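> Okay, handing you the structure first.
The values are calculated or read from the model by the stated rules, or taken from the named source; none is laboratory data. In this text, all values refer to a predicted model and were calculated from it rather than measured experimentally. Because the Cβ atoms are built from the backbone with ideal geometry, glycine has one as well, and the counts that use them run over all protein chains shown. When the accessible area is computed, the model is the full protein with side chains, heavy atoms only, and any ligands, DNA or RNA have been set aside. Shrake-Rupley method; radii C 1.70, N 1.55, O 1.52, S 1.80 Å.
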Amino acid sequence: MSPKLTLPDPFASIPRHPLLYPFLFSPIHPLPSLSSSLDRARDVTRKNRHSGNNKLPAPVQVSLYVKREDHSSPLACAGNKYRKLEYIVPDILSPQPRFGAGIGGEIPAIPGSADSRSHHAGAAAAGEAETEAEEASTERRNITTLVTEGALQSNHTVQVASVAGKLGLQSVVLLHKGTGGGLRTSSDPQAFQRTGNVQVVKLLGSDVRILDPPDPSSGKKTQDDLVDEVLEALRAEGKNPYWIPSGASLHPLGGLGYARCAFEIAEQEREMELLQSSSSSSTTSTSFGHSQKASSGRFDYIFVACGSGSTLGGLIAGFKILEKTQQQVQQQTPVQKPQRRPRQIIGILTSPTQPKPYHEERILQFARQAGSMIGLDPENDITMADIRLDDRFGGTGYGVLDAETKKTLEFVAEREEVILDPVYTAKVMRGLLDWVSGGQVERDVAAAYEEGYYEEQGQGHGHVNALFIHTGGQSALGAYADI
Ligand SMILES: *Cc1c(COP(=O)(O)O)cnc(C)c1O
């Protein structure tokens, strides 16, 4: 598959430093065995429901596919953070980085809006105290060290450490015991601090510091205080650190990677459609799934993890501008095509720590932040109606593998030879399987049908494609040896 993507302006002109495979998109492939087992599970659910309820929605066949973001990059333990980092690296390498000075705390306001605050506000204020000569000498100092943080088994820190190495920079990785992330429930807490991603980050040559929860009585009140202390110490050593917030999510450029990924998915849909139509004369089943009836190569549903929600927010923004651009083209053509329902992007919340409205608000902000940079009118083009978040599968804690999620991880490994991760993707898959076998996709399609979508498919025999985004993270598995 060709890696060339055509992005609309101004998106196309935003600098990006390639970290993914140069000649390949991350692959998309079908999950035929899961798809057919879901057909059966759904039939059973329908039968059971039918006894009490005669108004069941029409049956919908769902073909499952996966996008292998865990195979997106030659760098260590590929996962979703490399895409985010592609848009952050140009700032790191710039002689005058705009971001990265320190803790921002909040999602930065949309550039140009009335209350936009620079991430650099603190540093700029500190800089005023310096003499002009000093300022001139620090201005052009290159970044020496990437600093980031995460929970003990953070995948993000692996990807930052690996990017640092690739760029010839040092990295300091702060792993917070206080974030939990499976430490407390681990049957072997000592091993949890040495294995999995902790081991990988060390292998990558990073300076790994495992931090105890901050002790309020010591005056260090928050994890942010601990981070500030590390940044200050590095500066005192003459280094020039660049701070990347947890998950690269609060970084203002962090959402762009998945906005671009939306265009990649659309291009892959097009290639799949071409392949499918060229093989449709054959009577045997194609390599694209458990049935030939797939409506098109388009992914009607996309299921993705919501940790911080910046991957989800980026995808929402990307598909928005993609669909807006296509709509404009369609309006110029005289033939009125049947209305296509926009792709439904469903976020599955992977932790019960914060309530759903908290995340919905953040996702909206992430999507608007990315949207404002790629040419959308953020307030009008992206609304709460675009945010679809399911909070039923977060389990018992962030990084805690509950019994149901564990079963899903084992099931998918046995059925498809695909290994999920215990913190994010196994929960997403559990949600996706439930959406299909529990009839939620059918109800959703039926509701959309009422709204006038899906005309071209005729009543009763819908067929939709659902794409599961595998965001990586398997390198944490070693720390979850009980699986
Ligand atoms: C970080 C991570 C996520 C969550 O991404 P967000 O953008 O924070 O929502 C999902 N899956 C894996 C494997 C991750 O490492």
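> Can Gly205 be described as open to solvent by less than 70 Å² (accessible area, probe 1.4 Å) and within 16 Å of the ligand (Cβ to nearest atom)?
On the way: open to solvent by less than 70 Å² (accessible area, probe 1.4 Å): yes; within 16 Å of the ligand (Cβ to nearest atom): no.
Judged against the criteria, Gly205 is not a match.
> Do we have any residue at all in the stretch 235-242 that's hydrophobic (A, V, I, L, M, F, W, C) and buried (at least 19 other Cβ atoms within 10 Å of the Cβ)?
The initial filter retains those residues of the stretch 235-242 that are hydrophobic (A, V, I, L, M, F, W, C), namely 236.
Imposing the further condition that a residue be buried (at least 19 other Cβ atoms within 10 Å of the Cβ) reduces the set to none.
There is no residue in the stretch 235-242 that is hydrophobic (A, V, I, L, M, F, W, C) and buried (at least 19 other Cβ atoms within 10 Å of the Cβ).
> Whether any residue in the stretch 350-365 is more than 22 Å from Cys261 (Cα to Cα), touching a residue at least 12 places away in the same chain (Cβ under 8 Å) and open to solvent by less than 50 Å² (accessible area, probe 1.4 Å) is what I want to check.
Taking every residue of the stretch 350-365 in turn, at least one turns out to be more than 22 Å from Cys261 (Cα to Cα), touching a residue at least 12 places away in the same chain (Cβ under 8 Å) and open to solvent by less than 50 Å² (accessible area, probe 1.4 Å).
> Kindly indicate the residue of the stretch 224-252 that is within 16 Å of the ligand (Cβ to nearest atom) and out of contact with any Lys or Arg (no Cβ under 8 Å at 6 or more places or on another chain) and also nearest to Pro213 (Cα to Cα) among those meeting that condition. Spell out how you get there, then give the answer.
Filtering the stretch 224-252 for residues within 16 Å of the ligand (Cβ to nearest atom) gives 244-252.
Retained after the next criterion (residues that are out of contact with any Lys or Arg (no Cβ under 8 Å at 6 or more places or on another chain)): 244-246, 250, 252.
Details: Ile244: 20, Pro245: 17, Ser246: 16, Leu250: 21, Pro252: 27 Å.
Going through the qualifying residues, I end up with Ser246.
> One residue is enough: does the stretch 50-71 have a residue meeting the conditions over 16 Å from the mean Cα position of the chain (by Cα) and among the charged types (D, E, K, R)? Explain how you work it out, then say what you get.
Initial filter on the stretch 50-71 (over 16 Å from the mean Cα position of the chain (by Cα)): 50-65.
Among the residues that remain, those that are also among the charged types (D, E, K, R) are: 55.
Yes, some residue in the stretch 50-71 is over 16 Å from the mean Cα position of the chain (by Cα) and among the charged types (D, E, K, R).
> Search the stretch 164-177 for residues being farther than 12 Å from Gly150 by Cβ and outside any strand (DSSP E or B), and hand back the single one that is most open to solvent (accessible area, probe 1.4 Å).
In this case the residue turns out to be Lys166.
> Moving on to the next point. Kindly evaluate Leu477 against the criterion of being within 16 Å of the ligand (Cβ to nearest atom), open to solvent by 30 Å² or more (accessible area, probe 1.4 Å) and either of a type outside the set (S, T, N, Q) or not assigned by TED's automatic domain parsing to the domain that holds Ala266 (or both). Let's see the steps before the verdict.
Working: within 16 Å of the ligand (Cβ to nearest atom): yes; open to solvent by 30 Å² or more (accessible area, probe 1.4 Å): yes; either of a type outside the set (S, T, N, Q) or not assigned by TED's automatic domain parsing to the domain that holds Ala266 (or both): yes.
For Leu477, the condition - within 16 Å of the ligand (Cβ to nearest atom), open to solvent by 30 Å² or more (accessible area, probe 1.4 Å) and either of a type outside the set (S, T, N, Q) or not assigned by TED's automatic domain parsing to the domain that holds Ala266 (or both) - is met.
> A follow-up question, please. State all residues of the stretch 73-103 that are out of contact with any Pro (no Cβ under 7 Å at 6 or more places or on another chain), assigned to a loop (DSSP other than H, G, I, E, B) and within 17 Å of Gly255 (Cα to Cα); if no residue qualifies, say none.
Going residue by residue through the stretch 73-103, those that are out of contact with any Pro (no Cβ under 7 Å at 6 or more places or on another chain) are 73-85, 87-89, 92-98, 100-103.
Subset that is assigned to a loop (DSSP other than H, G, I, E, B): 73-80, 94-98, 100-103.
Within the stretch 73-103, Gly79, Asn80, Arg98, Gly100 qualify.
> Follow-up. Please find, within the stretch 244-279, the residue that is most open to solvent (accessible area, probe 1.4 Å) out of those that are more than 17 Å from Gly297 (Cβ to Cβ) and in a loop (DSSP other than H, G, I, E, B).
Going through the stretch 244-279, the residues more than 17 Å from Gly297 (Cβ to Cβ) turn out to be 244-260.
Pick out the ones that are also in a loop (DSSP other than H, G, I, E, B) and you get 245, 249-255.
Numbers: Pro245: 11, Ser249: 8, Leu250: 36, His251: 5, Pro252: 9, Leu253: 18, Gly254: 1, Gly255: 11 Å².
Per the stated criteria, the residue is Leu250.
> Let me ask something else. May I ask you to verify whether Ser187 is open to solvent by 60 Å² or more (accessible area, probe 1.4 Å) and either assigned to a loop (DSSP other than H, G, I, E, B) or within 28 Å of Ala370 (Cβ to Cβ) (or both)? Reasoning before the result, please.
Numbers: open to solvent by 60 Å² or more (accessible area, probe 1.4 Å): yes; either assigned to a loop (DSSP other than H, G, I, E, B) or within 28 Å of Ala370 (Cβ to Cβ) (or both): yes.
Yes, satisfied.
> Do we have Arg140 as touching a Pro at 6+ places or on another chain (Cβ under 6 Å), modelled with pLDDT under 95 and away from the ligand (no atom under 15 Å from the Cβ) here?
Working: touching a Pro at 6+ places or on another chain (Cβ under 6 Å): yes; modelled with pLDDT under 95: yes; away from the ligand (no atom under 15 Å from the Cβ): yes.
Yes.
Results for (1) open to solvent by 10 Å² or more (accessible area, probe 1.4 Å); (2) within 15 Å of the ligand (Cβ to nearest atom), shown as yes or no for each residue.
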site	(1), (2)
Met373	yes, no
Glu379	yes, no
Thr383	yes, no
Asp391	yes, yes
Val418	no, yes
Leu432	no, yes
